[in-house]
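Q: Quick one: structure below, then a few questions.
What follows draws every value from the coordinates through simple rules; no lab data is involved. These figures come from a predicted structure and were not determined experimentally. Every residue, glycine as well, gets a Cβ built from its backbone with ideal geometry; the counts of neighbours run over all protein chains shown.
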Amino acid sequence: MLPTDTIDRLFRHESGKLVSLLTRIFGTHNLDLVEDVVQDSLLKALEHWKYRGIPKNPTAWLITVARNKALDTIRREKNTKEFAQNLSPLLKSAYSASATLQQQFDEAVVEDEQLRMMFVCCHPILAEEAQVALVLKTLCGFSISEIAKAFVQPEETISKRLYRAREQFRQHKIPFTLPHPDELQNRLKNVLICIYLIFNEGYSSSQHPSIIREDLIEESLRLAKLLSDHKTTAKPETFALLALCCFQAARLHSRMDASGNLIPLKEQDRSSWNQSLIQQGIGYLQKSSEGAHASEYHIQAFIALEHCTAQDFSSTNWQRIIELYDWLYRLRPDPLIGLNRLIAFAELHGPQAALNEVKKIKDGDLLKRYHLYPATLGEWHQRLGNKEIAKKYFYQALELTQSPAERILLESKLIKA
């Protein structure tokens, strides 16, 4: 039997590469066709590997299958579809189709193609929210529900965004090319948001059996590092995001016990935190200070640094963290930021003071579909001795989360309430 975690990690990683590579050939207006070829390739791999095991070079195996399926698709659709503008005549010719396709696969630097595709998806013709949703769905294999969780939005809203984005790609036939350096900088903002959300889903997975998705952590760090190594995108906010990812990744393995159960920050073994990653994060944070202004990633990185440098939970500088959250909330009055600010606020001023502030969160009603909201309210009421109210909120949180690890933690709180 194939190990599920290995397959998930491999498919999640490779599907984005294949989508990027095939979009370069088929054109952005044929995204549905691209995804069909990728899906067929992954299904064939699953069926083949089930009996023969995973090959030594699964990436090469998948690329070969995808190339063959792409050629079949081109031959079948050549009279009804237009492919990438610069390749379409060659792909439609019986004499040159196979050689042209082979050349494209041989020349493509797959890692860079994926990053290129991220910038293509962040084309200004699309709404910003649609750009990010398209990257997460098409390149990163996120489900509609995972994207909805990231945006704190209904799944129906996300589905509509994706549909509109695909329609615009089809109508405008957006070229699969990197934009001018000035435009590249403009698109960087949303590419960084995508990487940030990939990291967040890896750090706290909404649906996976394990709350930590190391494949997504590695992918987000890889993409951010690629951006930091490119002179056009090596901007202060890029280094700040890298710093944030390093600080958060340094604490990964202390967040779960040997049985896969979540360990709250207060109970984590800080001696197990990865000091090398923390030092790398400090280095990136220093590089990020060269800009004229602080981005959201700068502020979040400083919040994470406060946690990483506190000797223990009781010595955490909560006042400084609240000040940083105040700054972050002014930049982006997002309800999740408001809730995280209050979690820190409760540590300094007590749970009752935090409960008194909850209704002041802007657009706070959006939090009602996010499990962390009732889970936090339940935690505060439990600390105040309001057991029945705490149980009510913990049950609400259980209904809102699909994460097995989160459910186990909430059930343990119910037992204690």
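Q: Between Glu128 and Lys173, take the C-beta separation as r, use R0 = 25 Å, and let me know the FRET efficiency to the nearest 0.05.
A: Step by step, r from the Cβ atoms, then E = 0.75.
Q: Where does each of 162-168, 50-56, 130-136, 334-340 land if you order them by average Cβ count within 10 Å, highest first?
A: Working: 162-168: 16.9, 50-56: 10.3, 130-136: 26.4, 334-340: 19.0.
Highest-to-lowest ranking by the protection proxy: 130-136, 334-340, 162-168, 50-56.
Q: Multiply the residue separation of Ala310 and Arg76 by 0.36 nm, subtract the distance between their alpha-carbon atoms, and state the gained length in nm to one decimal.
A: Going from the current span to full extension adds 78.1 nm.
Q: Select from Gln102, Ile25, Leu42 the residue farthest towards the positive end of the dipole of segment 1-108; place +1 on Cβ of Lys and Arg, -1 on Cβ of Asp and Glu, and compute about the Cα centre.
A: Toward the positive end, the furthest listed residue is Gln102.
Q: Round to the nearest 0.05 the FRET efficiency obtained for Arg52 and His349 when R0 = 41 Å and r is the Cβ-Cβ distance.
A: Plugging the Cβ-Cβ distance into 1/(1 + (r/R0)^6) gives 0.10.
Q: While we're looking at this one, here's another question. Step by step: find N for segment 236-359, compute 2.2 N^0.38 Å, then divide the Cα radius of gyration by it. What's the final number? Display every interim value, and only then the final one.
A: Numbers: Rg = 15.0 Å, N = 124, 2.2 N^0.38 = 13.7 Å.
Output field value: 1.09.
Q: Which one of Leu188, Ile217, Ser206 has its Cα pushed farthest toward the positive end of the charge dipole of segment 165-229, where Lys and Arg give +1 and Asp and Glu give -1 at the Cβ?
A: Farthest towards the positive end: Leu188.
Q: Taking H as built 1.01 Å from N, whose amide H comes closer than 5 Å to the amide H of Met256, not counting residues under 5 places away?
A: Ile263
Q: Quick one: check the C-alpha center-to-center distance for segment 259-300 versus segment 343-382, whole angstrom.
A: 24
Q: Can you grab the distance from the C-alpha centre of segment 122-184 to the C-alpha centre of segment 50-66, Å, no decimals?
A: 29
Q: How far, in nm, would the chain grow between Lys391 and Asp106 when pulled straight, counting 0.36 nm per residue and subtracting the alpha carbon separation?
A: Length difference between fully extended and current span is 96.7 nm.
Q: While we're here: Suppose only helical runs count, i.e. DSSP H with n ≥ 4. What mean residue ellipticity at 222 nm does that imply for the chain under -39500 (n - 2.57) per run, divided by all residues and rounded to the nearest 500 deg cm²/dmol?
A: Result for the chain: -22000 deg cm²/dmol, rounded to the nearest 500.
Q: Quick check: net charge around Val38, other residues with Cβ under 10 Å of its Cβ, Lys/Arg +1 and Asp/Glu -1?
A: Once positives and negatives cancel, what remains is -2.
Q: Right, another one. Can you give me the distance in nm between label points at Thr59 and Gln279, each placed 7 Å from the Cα along the Cα-to-Cβ direction?
A: Taking the simple label geometry, Thr59 and Gln279 are separated by 2.9 nm.
Q: Still on this structure: Measure up Lys56/Lys92; Lys17/Lys69; Lys137/Lys360; Lys149/Lys392; Lys56/Lys137 against 24 Å on the Cα-Cα distance and list the ones that go over.
A: Correct reply: Lys56/Lys92; Lys137/Lys360; Lys56/Lys137.
Q: How large is the charge dipole for segment 1-108, taken about the Cα centre, if only the Cβ atoms of Lys, Arg (+1) and Asp, Glu (-1) carry charge, to the nearest 20 debye?
A: Details: 15 positive and 13 negative charges, 53 e Å.
The dipole magnitude comes to about 260 debye.
Q: What nm value, rounded to one decimal, do you get for the distance between Ser93 and Glu399 when each label is placed 7 Å out toward the C-beta?
A: Going from the Ser93 label point to the Glu399 one covers 6.4 nm.
Q: Taking the highest mean first, how do the peptides 139-147, 239-247 order by number of other beta carbon atoms within 10 angstrom per residue? Display every interim value, and only then the final one.
A: Details: 139-147: 20.6, 239-247: 27.7.
Ranking, from highest mean packing down: 239-247, 139-147.
Q: Let me ask another. How large is the charge dipole for the chain, taken about the Cα centre, if only the Cβ atoms of Lys, Arg (+1) and Asp, Glu (-1) carry charge, to the nearest 20 debye?
A: Working: 52 positive and 50 negative charges, 103 e Å.
The dipole of the chain has a size of about 500 debye.
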